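Reading through the structure tokens given below for one structure.
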Amino acid sequence: MKHVNLKLSRRFFLGSVLAVGLVAFQFAGVMPAQASAENPRAVVESFHTVLLDVMKQSKVLNVKARFDRLLPAIQQAFNLPLMVKAASGNGWKLASEPEKAEMVAAFTRMSAGTYASRFSGYSGQEFKTVGERPGPRDMILVETEIASPDGSSVTLTYLTRKAEDGWRIVDVLLDGGISELAVRRSEYRRIVKTGGAGGLTSILNQTAEKLLQTP
């Protein structure tokens, strides 16, 4: 498998996020109505189903096709506006409504592009839901792992919070401790400090374009 192995760096998994810092996911690019955000476990498992399906079809799907399959899922499973708001800090507070919309759109494209470029093969991995537990600020933590046939695994904990339209992922912890939003916050606020909301949007769009050029 070209990119997805369980010895990948923590930085890789944090960048494969949604980020993103993210979303509710669809099966084969189309989310069934019943696989909604009715509970945290359903959100995470629906996303994993789509991601695994894309991985299994990676031999016939190029990066753009994988992006097209994953984008609707990411838009549903993650609370992307909340994530980019938390990561950008004053950049969000000072942005106009059109600038906020552009920032969310760019963040979404970058997140989907990251998943599409990195999860580009399959060698028997499985996504397993280990359990759920209460978290801070009325969140529910869904504990999962990516298990490899060789017995190794990576633990991913999804932090979910209930929004008006149901539960959404708002952060991801790698191996129980590294927060995706914490990593993004430092980077994004540095960009915002010098380039404002527009600067961050531009960087996110540039990153997405580069990811979509991945062989």
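Those residues that are of a type outside the set (Asp, Glu), touching a Pro at 6+ places or on another chain (Cβ under 7 Å) and farther than 29 Å from Ser58 by Cα, I need them from the range 115-166; list them, please.
Ile140
Within the range 78-93, can one find any residue that is touching a Leu at 6+ places or on another chain (Cβ under 9 Å), crowded, with 21+ Cβ neighbours inside 10 Å and not in a helix (DSSP H, G or I)?
Checking the range 78-93: at least one residue is touching a Leu at 6+ places or on another chain (Cβ under 9 Å), crowded, with 21+ Cβ neighbours inside 10 Å and not in a helix (DSSP H, G or I).
Test of understanding: among Ser111, Ser46, Ser120, which residue is under 21 Å from Glu209 (Cα atoms), surrounded by 18 or more Cβ atoms within 10 Å (Cβ to Cβ) and either of a type in the set (D, E, K, R) or over 11 Å from the mean Cα position of the chain (by Cα) (or both)? Walk me through it before giving the result.
Details: Ser111 fails: either of a type in the set (D, E, K, R) or over 11 Å from the mean Cα position of the chain (by Cα) (or both); Ser46 fails: under 21 Å from Glu209 (Cα atoms).
Matching residue, one of Ser111, Ser46, Ser120: Ser120.
Quick check on this structure: which one of Gly89, Gly29 is modelled with pLDDT of 90 or more and at positive phi? Give the derivation first.
On the way: Gly29 fails: modelled with pLDDT of 90 or more.
Matching residue, one of Gly89, Gly29: Gly89.
The values are calculated or read from the model by the stated rules, or taken from the named source; none is laboratory data. It should be emphasised that the depicted structure is a prediction, and the values quoted were computed from it without experimental measurement. As a convention, Cβ positions derive from the backbone with ideal geometry for all residues, glycine included, and neighbour counts pool all protein chains shown.
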